[in-house]
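Accompanying notes for the structure given below.
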Amino acid sequence: MTSDTDQQRRGTRPETDAAPLPPRPGLDASDGVRPRGGDAAGRGEGSGGAPRPARHGKGLRGLRRPLGIGIVTLWLSVIVLLPLAALTVAAFDEGLAGFWEAVTAPAALASLWVTVLASAVVALVNAVLGTLVAWVLVRDEFRGKRFVNAVIDLPFALPTIVASIVLLSLYGPNSPIGVELNATRWGLVVALLFVTLPFVVRSVQPVLIEADREVEEAAASLGATTGTTFRRIVLPTLAPAILSGTGLAFARAIGEYGSVVLIGGNIPRETQVTSQYIQQQIEIDRPLNAAAVSVALLAIAFVTLLLLRVVSSRSQRREERDA
Amino acid sequence: MRVSRGTRLSLRVVALGYLFVLLGVPIGVILWRTFEPGLSEFIASISTPAAKSALNLSLLIVAITVPVNVVFGVATALALVRGRFRGRGLLQAVVDLPFAVSPIVVGVSLIMLWGVNGWFGALDRAGFQVIFGIPGMVLATIFVTLPFVVREVEPVLHEIGQEQEQAASTLGANGWQTFWRITLPAIRWGLTYGVVLTVARALGEFGAVIMVSSGFPGVSQTLTLLVHSRYIDDHNTYGAYAAATLLMGIALVVLLLMTLLDRKRSDR
């Protein structure tokens, strides 16, 4: 069970901490209480007269001091913040009008539309089939279940370009099954489904394991049909997890590049996704366009993750109220 | 929820069928296409000079990224867990940022910062080439792998608390002794897990690296770029399959390690 929740953690965390992490049995209690307990003890002793510095080693203390925090902040700034700042500034190089013009260029808008459309389809399919797969992995028993469970993580371990080649070998030119999806929107959808498979499965699985089955039994014994039980009991319990997995899958699909680059075909207005458009703008030396559309893409991802965080904190509050 | 036998079987068939079509069949086909001409063909294809130098470059990038991420990742996790300072929430958000950014956007951002016309363009003009050089590829890889170590070490640090460290320093251990003897052994599995994730992502990163690499075979091609250029530029489909299978083998090893480490961590 712990291994399932751990995998779930791995599954949702890669995108953000916005996802509501379902309760981790055994870990949560110590998570919140122990460090605080340790701290309080430290503080109590400190005020008791013992000089605090003597209680903490230099190496660790350093990280609590301005110098250590300064180094960490500087590091994160140089690696993450400065590049993104430079990107944003470049996007507004010619003012708001220049930014707007770059983002609303027909080819840019078309690529954004293709991206959002394909990602939305992928998110929906994931919501349904991901939940179904999670249900089968938790509630069903069959031989080889452990193997199937391990295979779910494969798309996360596999380099995206390999995902692209793998799908091309099946759906590309000379397809052995006669289905040629390369350079079609269906090709995009299949590639994105491949790389986003783990999100919903890994976020629903632990919740399903924790779910109170007695309530379901009670509903059934009161005469509820399977459908009613699912709709009124199971689905509401799973909804936050399904939503967060779906949102993460959507955010991932929006920015995906490696897995669609070969199978998508990069046909402007047809299958060219935004990340391909951005790459093309860099190649033809239009940095302003590339930067502006990048900022637009970032904004879509951030809004998605922000919405997720709002929804998850709201449902968490409701849960606490109910409890 | 009581589900009739028929429903359960059909749900199972749908779920397994979906996984089979999405994962099983494509992977089976590529393995078949790679090994159909024989093992020697495969080995010949992944030991050409270009392939060897691509493997070397990928390993070089991993060899730089991992220690850097370990040092700064552990330091960041310690600061986030043990530090009490303003702006900690902001720092938390910054650590997660790389997961929300598209690889292509990472590449564009690095070009805007380190490129000839970027903020630090003076470096480039002074002869230290970052973009279209190995430093750029390393920076891109560090960007996308930055959260792994931090996010795997952080919960462990939370969990172990500070009592042992305090006890050690009460007994006269200095800061480094406490770190090496108490903190590091306690976080070792979390750290290892973070390193495995970092290695996997560093070897597999494509989008961010292709933006900042000049992509010359034998010079600045990583394994993922080799797969791409073999397929697109050389029309060497078999070579692309072979290189992809090599990467897939590495990914499988990583997956196996992840499963084993996961068990180890939960035994703790």
Practice item. Evaluate the distance, in nm, between pseudo-label points positioned 7 Å from the Cα of residue A:285 and of residue B:4 along their respective Cα→Cβ axes. Key: 7.0
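Please report A:113, A:135 as a ranked list, fewest other C-beta atoms within 10 angstrom at the top and most at the bottom. Kindly include the intermediate steps, with their values, before the conclusion.
Working: A:113 12, A:135 23.
Going from sparsest to densest Cβ surroundings: A:113, A:135.
Please compute, for peptide B:244-251, the average count of beta-carbon atoms on other protein chains lying within 10 Å of each residue's beta-carbon. Intermediate values should be presented prior to the final figure.
Values: counts 10, 3, 1, 5, 8, 0, 4, 8.
Other-chain Cβ atoms within 10 Å of each residue's Cβ, averaged: 5.
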Check your understanding: How far is the Cα center of the range A:79-114 from the Cα center of the range B:230-268, in Å?
Key -> 35
Review point. Which FRET efficiency, nearest 0.05, do residue A:67 and residue B:174 yield, Cβ-Cβ r, R0 25 Å?
Key: 0.90
Review point. What full-extension length gain, to one decimal in nm, is calculated for residue B:167 and residue B:63 as 0.36 nm per residue of separation minus the Cα-Cα distance?
Key: 33.9 nm
Revision key, fill the gap. Diffing the range A:219-225: the Karplus 3J(HN,Hα) column from phi (6.51, -1.76, 1.60, θ = phi - 60°), in whole Hz with x for Gly and Pro, holds 4, 5, 6, 7, x, 6, 6
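To the nearest 0.05, what FRET efficiency results for residue A:120 and residue A:92 with a Förster distance of 22 Å applied to their C-beta separation?
Working: r = 28 Å, r/R0 = 1.29.
According to the calculation, E is roughly 0.20.
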Point to revise | Euclidean distance of C-alpha centroids, the range B:150-183 and the range A:290-323, integer Å | key: 35
Exercise for review: For peptide B:12-20, compute the average count of partner chain beta-carbon atoms within 10 Å of each residue's beta-carbon.
Suggested key: 6
Point to revise | Cut-off 10 Å between beta-carbons: net charge of the residues surrounding residue A:140, Lys and Arg +1, Asp and Glu -1 | key: +3
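Taking the Cβ of each residue in B:52, A:145 as the centre, tally the other Cβ atoms inside 10 Å and list the residues starting with the fewest. Let's see the in-between values first.
Values: B:52 12, A:145 15.
Lowest count first: B:52, A:145.
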**Study point:** Cleavage-rule hits (trypsin sites (Lys or Arg not before Pro)) in the range A:232-318: DSSP loop, at most 13 neighbouring Cβ within 10 angstrom
**Key:** A:269
Practice item. Any chance you could check the Cα centroid distance between the range A:245-279 and the range B:8-63 for me, in angstrom? Key: 22
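With a cut-off of 8 Å between alpha carbons and a minimum separation of six or more residues, what is the relative contact order of chain B in percent?
Numbers: 270 pairs, mean separation 73.2, N = 268.
Once normalised by length, the contact order is 27 percent.
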Check your understanding: In the range B:54-130, which trypsin sites (Lys or Arg not before Pro) are in a loop and have at most 14 other Cβ atoms within 10 Å, using DSSP for the loop call?
Key -> B:84, B:86
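Just so you know, all these numbers are worked out from the coordinates, no wet-lab data involved. Bear in mind that the values here come from a model prediction, so they are computed numbers and not experimental data. Note: ideal-geometry Cβ built from the backbone for every residue, glycine included; neighbour counts use all protein chains shown.
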